[in-house]
Amino acid sequence: MSDCLFCKIVEGEIPARVEAETEHILAFHDINPVAPVHVLLVPKQHVADSAAELTAEDGPLLGELFELAARIAAANELDEGWRVVTNVGPAAGQTIFHLHFHLMGGWEAPQP
């Protein structure tokens, strides 16, 4: 999608601080972090606007994404815990319509 911010980041048209990547997933730091560690995990291919469009066929992609999330959490020493969140739709706070997940952690105390 030519006007999609995350597609442009994946293509290297917009710079990002990349944390890690796999064949199908790019993980980079959020520019407005809400946690000490706040990394976005984005499929390199624009497979869906949000999680509402996922099907069983997307299972392998999600498995790869969550495996990468666990590796990133371990690399950032989030041994006490971490969170993965996705927003679906504007009412839930979604502002970029390219499937993505937020990996957050590193708080000193548990967050609500």
For this session: Consider only pairs whose beta carbons are under 7 Å apart and that are at least six residues apart or on different chains; among these, list those whose first residue lies in region 70-82 and is within 12 Å of residue 101 (Cβ to Cβ) and whose second residue is assigned to a helix (DSSP H, G or I).
Result: 82/73
Seminar exercise, completed: Scanning region 57-85 residue by residue, those β-branched (Val, Ile, Thr) and farther than 21 Å from residue 23 by Cα turn out to be 85
Problem set entry | Leading residue by the ranking (surrounded by the fewest Cβ atoms within 10 Å (Cβ to Cβ)) among those in region 1-20 that are within 13 Å of residue 42 (Cβ to Cβ) and among the acidic types (Asp, Glu) | 11
For this session: Report the residue count in region 42-80 for those that are closer than 14 Å to residue 106 by Cα and either modelled with pLDDT under 95 or among the polar types (S, T, N, Q) (or both).
Result: 3
Exercise. Out of the residues in region 82-93 that are outside any helix (DSSP H, G or I) and modelled with pLDDT of 95 or more, which is farthest from residue 41 (Cα to Cα)?
Worked result: 89
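Of 30, 79, which residue is surrounded by fewer than 15 Cβ atoms within 10 Å (Cβ to Cβ) and not β-branched (Val, Ile, Thr)?
Exactly one residue qualifies, and that residue is 79.
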For this session: Determine which single condition residue 30 fails, assuming it passes every other condition in (1) under 22 Å from residue 108 (Cα atoms); (2) in contact with a strand residue (DSSP E or B) (Cβ under 7 Å, 6 or more places away or on another chain); (3) without any contact (Cβ under 8 Å) to a residue 60 or more places away in the chain; (4) of a type in the set (Asp, Glu).
Result: (3)
Seminar exercise, completed: Restricting region 62-112 to residues that are over 10 Å from the mean Cα position of the chain (by Cα) and of a type in the set (S, T, N, Q), the one farthest from residue 6 (Cα to Cα) turns out to be 111
Problem set entry | Which listed residue, of 61, 41, 68, 99, is touching a Pro at 6+ places or on another chain (Cβ under 7 Å) and not in a loop (DSSP other than H, G, I, E, B) | 61
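The values are calculated or read from the model by the stated rules, or taken from the named source; none is laboratory data. Model, not experiment: these values are computed from the prediction. Cβ: placed from backbone, ideal geometry, glycine included. Neighbour counts: every protein chain shown.
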